[in-house]
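> Below is a structure I'd like to ask you about.
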Amino acid sequence: NDAEAKMLLDSLTPPAGGGGIVPSSTTSKALLERIKRNYEEDAFRQMTTQMKGWVEQQFARSDPRAHARFHVELGKELLAHGFTTEAEAEFHHAAAVDPSSAAPLTALAAALAEDYDALGDAREARAQAEASLRIRESAEAYLVLARLDLRENRMEAAAQNINRALQLEPGNPAGQD
């Protein structure tokens with residue numbers, strides 16, 4: 001049932017009346033280019049663990065802000081690809097690396113707010129957004145709170161949070177929307 005294997009077998013079989021099997025250079029190239037189609041979870045997890053170790057060694061000598069920024073960006077990338085649990089772990093790690101930064105908490109709050117529909121509980125998202133605001137006010141954190149307020153049908157609180165976001169960033173497109 002393997003089309004590639006059949007194609008390889010056909011390429012090795014001599015035409016009618018020909019001699020024995022004569023491998024060509026294209027056949028040996030095809031053997032090298034064969035794609036492995038099975039996914040091995042253990043091998044993947046081992047590779048990611050090794051990569052994380054390497055990244056941590058690289059950032060061990062850098063400043064905490066750069067280290068946290070890396071994990072926030074990685075978390076956002078993971079979130080964009082649907083790896084919510086892994087993204088949240090990156091945001092938590094970033095917050096631990098640089099507790100003075102509001103960005104990891106804001107990103108975590110936004111990720112948790114996205115999960116609100118599935119989980120039906122916005123308490124953790126709201127707590128992370130508020131913790132972020134205690135460190136530093138940001139339009140993004142206020143907008144997370146506003147989205148949560150809208151989902152909970154708290155229009156007045158949503159309007160207040162949107163106004164606070166627009167005071168900080170008048171040109172913020174999400175706030176204007």
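The values are calculated or read from the model by the stated rules, or taken from the named source; none is laboratory data. Since we're looking at a predicted model, the values are computed, not measured. Here the Cβ positions follow ideal geometry from the backbone for every residue, glycine too, while neighbour counts run over all protein chains shown. These area figures cover heavy atoms from the full protein model, side chains too; ligands, DNA and RNA do not enter into them. Shrake-Rupley method; radii C 1.70, N 1.55, O 1.52, S 1.80 Å.
> Rounded to the nearest 0.05, what FRET efficiency do ARG37 and ASN163 give with R0 = 45 Å and r taken as the Cβ-Cβ distance? Could you check?
0.25
> What number does the range 110-177 give for Rg over Rh if you use C-alpha atoms and the Kirkwood radius?
0.95
> Still on this structure, please answer the following. For the range 70-177, which whole percent of the accessible surface, found with a 1.4 angstrom probe, sits on carbon and sulfur atoms?
51 percent
> Write down the accessible area per residue of the range 41-109 in Å², having rolled a 1.4 Å probe over the full set of protein chains.
Roughly 60 Å² per residue, with all protein chains present.
> Between the DSSP loop rule and a limit of at most 15 other Cβ atoms within 10 Å, which trypsin sites (Lys or Arg not before Pro) in the range 109-177 are left?
Those that pass, being in a loop and sparsely packed, are ARG136, ARG154.
> So what are the radius of gyration and Dmax for the Cα set of the range 36-166, in Å?
Radius of gyration, then largest Cα-Cα span, for the range 36-166: 16.7, 56 Å.
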